[in-house]
Amino acid sequence: MKVIYTTDLHGNAWKYKQLIQVAAEYKPDIVINGGDMLTNDNNLHRQKEYIQCNLSEHFKTFNDMKIYYLSFPGNDDLMAFDNVFEETCNRYPYVKYLAQKKVTIGEYDFIGMNLCVDFPFVIKDRCRKDDKDYTIGFQKGEGVYSIEEELERLEKPADYSKAIYVMHMPPADLGLDVCSNGEKVGSKAIYRYIKQYQPRLTLHGHIHESPVMSNIWNTKLGKTVCVQPGQGDHMGDFVYVTINLEKIDIKRKTI
């Protein structure tokens, strides 16, 4: 089974066009878009219109090509429009909403989790503590559940060796979470979850520059292959990976 994975496109029309062109050439069975999909200009309420118009047309293109498209909003995408996002996905048989859900395609279970430990940055509605011992610091309030608890609430795969987790937040301690200032902001709860359950593959994003900062875009934690392709800045390169799920043959590419 062939997969294209990309993340953090932030409504960039050129990058979305490139994704269509790459899919037309590579002919994957599945495209996975790992969050922060919507425009994030000064008027965030335009995200609803973006979903209903731009994103809907994008989904239709893949539906017409009969390529499965798995996706969810990310930390920069307003939760207020999640229902609109999911309803838009549901218009197309080949488009699947993956936030906190399991989607089975062939022999593989794809499980999504789009919540983040984002406290070093501006607080957002998808923000959670990492675990019960996490200290929020200067910000007020806390999530109803921690990342640790949210992970345990996810539907379990039939077989972890055939499970692909799409988590917008990268794990800690693997070099997939390094910000431009050198700060490492990955989730220790996600690291522990991967180490305990050993899924076949995990896909991450969130920290666009991390592969440039750490020179690491994929690594292993036990038997699990963990991938964080990164993304160019708003007008920079389009970054994606191609994946052969049977062989776990993964290539990172830029345009």
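Computed from the coordinates I sent, Rg and Dmax of the Cα atoms in Å equals one of (1) 18.0, 60; (2) 25.2, 88; (3) 16.7, 48. Tell me the label. It is the value labelled (3).
Close amide H partners of Asp173, meaning residues 5 or more places away or on another chain with modelled amide H under 5 Å apart, are Gly186.
Just checking the listed ones, Ile20, Ile111, Ile32: in the Gaussian network model of the chain with Cα springs under 10 Å, the one fluctuating most is Ile20. Taking the Cα centre of region 2-254 as origin and assigning +1 to Lys and Arg Cβ atoms and -1 to Asp and Glu Cβ atoms, the resulting dipole is close to 620 debye. Ranked by the mean number of other Cβ atoms within 10 Å of their residues, highest first, the peptides 190-201, 244-255, 35-46 come out as 190-201, 35-46, 244-255. Summary value for region 1-130: 21 percent relative contact order, contacts being C-alpha pairs under 8 angstrom separated by 6+ residues.
Listed by chain and number, the lysines whose alpha-carbon sits under 24 Å from that of Lys195, ignoring those within fewer than 8 places in the same chain, are Lys101, Lys102, Lys129, Lys132, Lys156, Lys162, Lys184, Lys220, Lys223, Lys247, Lys251. Here the contact order of the chain, divided by its residue count and restricted to Cα pairs under 8 Å and six or more residues apart, works out to 18 percent.
For Leu221, the amide hydrogen comes within under 5 Å of the amide hydrogens of Cys226, counting only partners 5 or more places away or on other chains and with H modelled in the peptide plane. In order along region 195-204, the Karplus-derived 3J(HN,Hα) couplings, from 6.51 cos²θ - 1.76 cosθ + 1.60 at θ = phi - 60°, round to 4, 6, 9, 6, x, 5, 7, 10, 10, 9 Hz, and Gly and Pro are given as x.
Counting only DSSP beta bridges with both residues in the chain, the antiparallel share comes to about 45 percent.
Each value in this text was obtained by applying a stated rule to the coordinates, not by laboratory testing. Quick caveat, the model's predicted, so the values are computed rather than measured. As a convention, Cβ positions derive from the backbone with ideal geometry for all residues, glycine included, and neighbour counts pool all protein chains shown.
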